[in-house]
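Input: a single structure, listed below in structure tokens.
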Amino acid sequence: MSVAIEKALNSGSNGSQLIEQVQQLRDAREQLRAEIGKIIVGQQDVVDLLLLGLLCRGHVLLHGVPGLGKTLMARTLARTLDLKFKRVQFTPDLMPSDITGTDVIEEHEGGGGHRLKFVPGPVFTNFLLADEINRTPPKTQAALLQAMQEHEVSVGSTTYTLDPPFFVVATQNPIEMEGTYPLPEAQVDRFMFNVRVRYPTVQEEAAIVRGTTGTDQPQLSSVMATEDLLKLQEIVRAVPVSDDVILYAARLVGATRPVRDVRGVSGIEAITKYVTYGASPRASQALVLAGKARAVLEGRYHVDFADIRALAHPVLRHRLVLNFHGRADNVDADHVIDMLLAAVKEESR
């Protein structure tokens with residue numbers, strides 16, 4: 001049992017209490033899976049990554065064609081966690097103030113002049129669903145940048161703080177589809193995970209049809225309160241991680257950058273040939289923090305190399321900017337990450 005974990009808990013819990021809290025987190029995950037399973041068929045990996053992002057205080061980008069249940073998954077997760085939920089449908093005519101809020105002129109009661117009153121936008125919530133975020137121009141997409149990073153919103157000369165927890169789930173259609181705008185790199189980098197939502201199997205699709213074309217309406221139950229979620233977020237951050245694992249995450253991320261030596265890993269052909277820009281240190285932070293959450297959910301009190309490797313694709317795929325060679329050779333970010341995982345070896349001192 002790590003002393004670091006106990007010190008990190010503001011409640012001053014002892015070792016037995018900590019074990020109980022971690023077990024509660026694991027139980028909560030199973031309850032979440034069961035509740036979400038009443039509505040969502042399959043997509044278990046997607047649901048797990050949504051939960052990891054929430055526990056890490058990160059944000060998640062769901063990428064897939066329309067009709068795969070991306071919006072329904074986000075809404076269902078919010079309902080099972082009893083979080084204040086708001087949804088914004090991103091459209092080409094959406095303005096930044098439609099998201100953040102704006103100052104309006106209000107007349108004093110009984111007359112006597114006017115005053116400015118701030119009307120909060122939908123970003124003032126716990127769980128924000130940015131639906132089809134790439135259907136609005138970059139100017140409006142950027143309205144979320146400050147909120148996602150600093151958990152603040154500036155309107156005019158006043159800055160407003162968002163209440164924790166603040167979790168953004170954005171859905172994105174493939175960029176090749178008509179009427180979409182590419183997300184700026186700065187916007188994409190704010191997302192902890194980029195999760196690919198796949199087509200269901202034949203059996204899963206049959207179950208979806210059976211469950212959605214009848215009269216039964218599943219009833220969801222709340223699994224945990226907001227206060228419990230905030231405490232679990234603290235527990236995740238207190239999980240210890242060895243220097244070897246941190247160095248492995250840093251070497252893996254560093255190897256994504258062209259013309260860069262990373263402790264003996266240099267000249268990886270896939271990087272020098274296909275990648276224009278690699279991942280920033282924010283990717284290393286995301287790998288280690290997500291590894292902590294994954295370890296705790298599996299009942300471990302330390303992060304292993306396997307945790308980093310398991311999370312490499314959702315953490316890195318949206319942070320690699322490929323060049324025209326990649327498009328010409330039909331190579332995507334996932335193929336490059338596979339080559340990186342094969343080239344960058346684990347090292348223990």
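Numerical summary
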quantity: Of all DSSP beta bridges in the chain, antiparallel share, percent nearest 5; calculated: 45
quantity: Mean residue ellipticity (222 nm) of the chain, computed from DSSP H runs ≥ 4 via -39,500 (n - 2.57), nearest 500; calculated: -13000 deg cm²/dmol
quantity: Mean projected area (nm²) of the alpha-carbon convex hull when region 121-229 is viewed from all directions; calculated: 10.1
quantity: Under-5 Å amide H pairs with G101, H placed in peptide plane, nonlocal only; calculated: G121
quantity: Cross-link partners of K84 among lysines (Cα-Cα below 20 Å; sequence separation of 8 or more within a chain); calculated: K70, K231
quantity: Gaussian network model of the chain, springs between alpha carbon atoms under 10 Å - residue of E35, E150, E132 with greatest fluctuation; calculated: E150
quantity: At least 20 Å along the helix axis (C-alpha) and Kyte average at least -0.5, DSSP helices within the chain; calculated: 281-297
quantity: Convex hull of region 240-349 built on C-alpha atoms - directionally averaged projected area, nm²; calculated: 6.4
quantity: The chain, relative contact order in percent, only Cα pairs under 8 angstrom and at least six apart counted; calculated: 21
quantity: Solvent-free Debye scattering, log10 I(q)/I(0), computed from the Cα coordinates of region 21-115 at q = 0.12, 0.18 Å⁻¹; calculated: -0.56, -0.92
quantity: Packing rank of 204-217, 242-255, where each peptide gets the mean count of other beta carbons within 10 Å, highest leading; calculated: 242-255, 204-217
quantity: Highest average packing first - 58-65, 140-147, Cβ atoms within 10 Å; calculated: 58-65, 140-147
quantity: Stokes-Einstein diffusion coefficient of the chain, Kirkwood radius over Cα pairs, 37 °C, 0.692 mPa s, in µm²/s; calculated: 150
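FYI, it's all coordinate maths here, none of it is from the lab. What you see is a predicted model; the values in this text were computed from it and never measured. Please note: Cβ atoms are built from the backbone with ideal geometry, for glycine as well, and neighbour counts cover all protein chains shown.
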